[in-house]
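J.: Structure incoming, see below.
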Amino acid sequence: MSKISTPVAAHAHRPVKERIATIDVFLANGFVIGAWAVEVPCIKESLALSDTSLGIALFAFALGAIVAMPLAPRFGSGRVTALLGVIFVIMLPMPALAPDFPLLCFALLVLGASNGALDVSMNGHASTIETKWQALIMSSFHAVWSAVYLRSAVFSRRAASCSCSAGRPCSPRGSSLRWSASALPISSP
């Protein structure tokens with residue numbers, strides 16, 4: 001494993017604000033993905049989807065990501081990451097608001113595309129910050145993402161169990177909108 005070494009004087013010019021802003025994007029992405037993942041059973045129930053239909057809808061998310069990932073590097077990383085962060089957070093509630101299967105697939109395709117492009121651009125931007133930082137810090141960005149994803153999923157599951165329990169109509173719309181609104185202010189570097 002290689003280690004980047006620099007004189008102590010170089011540490012005074014580290015891009016602290018850029019690193020914090022980039023960590024915020026990883027934080028928002030992990031937060032939103034964690035919250036969205038626990039919505040899947042409620043969306044399946046609310047649209048009365050079969051396992052096959054749900055699989056097709058989730059494939060739309062993956063397809064969107066695969067198509068969008070190669071496009072992200074063409075436009076740089078800093079401002080594109082900020083723009084994609086906002087688009088991604090805005091798109092979060094759309095699958096829960098979809099009234100039928102075709103619109104669910106379309107919403108998941110666009111959500112997947114925004115997440116895939118955001119993933120590439122935020123990692124590219126983190127790599128730029130790591131180079132400027134002159135130390136191996138990429139793992140700190142991913143650690144934030146993982147910790148927030150886990151916390152968000154656990155907290156969201158508890159909230160979803162209140163609105164998606166037996167005997168109550170399943171309504172994922174409220175929690176998706178709430179998570180989107182709370183993640184929006186931190187989604188741009």
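J.: Could you list, in sequence order, all residues of the range 44-70 that are more than 28 Å from Ile23 (Cα to Cα) and of a type in the set (Phe, Trp, Tyr)?
T.: Of everything in the range 44-70, just one residue is more than 28 Å from Ile23 (Cα to Cα) and of a type in the set (Phe, Trp, Tyr), namely Phe59.
J.: Out of Ser187, Ser171, Ser152, Ser175, I need the residue that is more than 30 Å from Ser50 (Cα to Cα), of a type in the set (Gly, Ala, Ser) and modelled with pLDDT under 90. Which one?
T.: Result of the check over Ser187, Ser171, Ser152, Ser175: Ser187.
J.: While we're here: Answer yes or no: is there a residue in the range 107-123 that is among the polar types (S, T, N, Q) and either touching an Asp or Glu at 6+ places or on another chain (Cβ under 8 Å) or farther than 28 Å from Ser46 by Cβ (or both).
T.: For the range 107-123, residues among the polar types (S, T, N, Q) and either touching an Asp or Glu at 6+ places or on another chain (Cβ under 8 Å) or farther than 28 Å from Ser46 by Cβ (or both): present.
J.: Follow-up question, since we're still on this one. Considering only the range 44-101, state which residues are of a type in the set (D, E, K, R) and either exposed (fewer than 14 other Cβ atoms within 10 Å of the Cβ) or in contact with a Gly (Cβ under 6 Å, 6 or more places away or on another chain) (or both).
T.: Applying the first criterion (of a type in the set (D, E, K, R)) to the range 44-101 yields 44-45, 51, 74, 79, 100.
Matches in the range 44-101: Asp51, Arg74, Arg79, Asp100.
J.: Going through the range 69-116 one residue at a time, which ones are under 15 Å from the mean Cα position of the chain (by Cα) and polar (S, T, N, Q)?
T.: Thr81, Ser114, Asn115
J.: Here are Ala117, Ala113, Ala107: which of them is free of Cβ contacts under 8 Å to residues at least 40 places away in the same chain and crowded, with 23+ Cβ neighbours inside 10 Å?
T.: Residue meeting the stated conditions: Ala107.
J.: If you don't mind, another one. I'm trying to understand the selection: among the residues of the range 89-134, which are aliphatic (A, V, I, L, M) and touching a Ser or Thr at 6+ places or on another chain (Cβ under 8 Å)? Don't jump to the end; show me each part of the working.
T.: Taking the range 89-134 as the starting set, the residues that turn out to be aliphatic (A, V, I, L, M) are 89-92, 94, 96-98, 103-104, 107-111, 113, 117-118, 120, 122, 126, 129.
Passing the criteria: Val89, Ile90, Met91, Leu92, Ala96, Leu97, Leu118, Met122, Ala126, Ile129.
J.: Of the residues Pro73, Pro41, only one is part of a helix (DSSP H, G or I), over 22 Å from Lys17 (Cα atoms) and at pLDDT 85 or above; which?
T.: Of the residues listed, the single one that is part of a helix (DSSP H, G or I), over 22 Å from Lys17 (Cα atoms) and at pLDDT 85 or above is Pro41.
J.: Which condition breaks for Phe141 when tested against (1) within 23 Å of His13 (Cβ to Cβ); (2) at pLDDT below 90; (3) of a type in the set (Phe, Trp, Tyr)?
T.: (2)
J.: Pairs only if they're at least six apart or on different chains, beta carbon under 6 angstrom, first in the range 126-146 and at positive phi, second surrounded by fewer than 19 Cβ atoms within 10 Å (Cβ to Cβ) and in a loop (DSSP other than H, G, I, E, B); list them, first residue then second.
T.: Listed pairs, sorted by first residue: Gln134/Ile4; Gln134/Thr6.
The values are calculated or read from the model by the stated rules, or taken from the named source; none is laboratory data. No experiment lies behind these values; they were computed from the predicted model shown. Neighbour counts run over all protein chains shown; Cβ positions are idealised from the backbone, glycine included.
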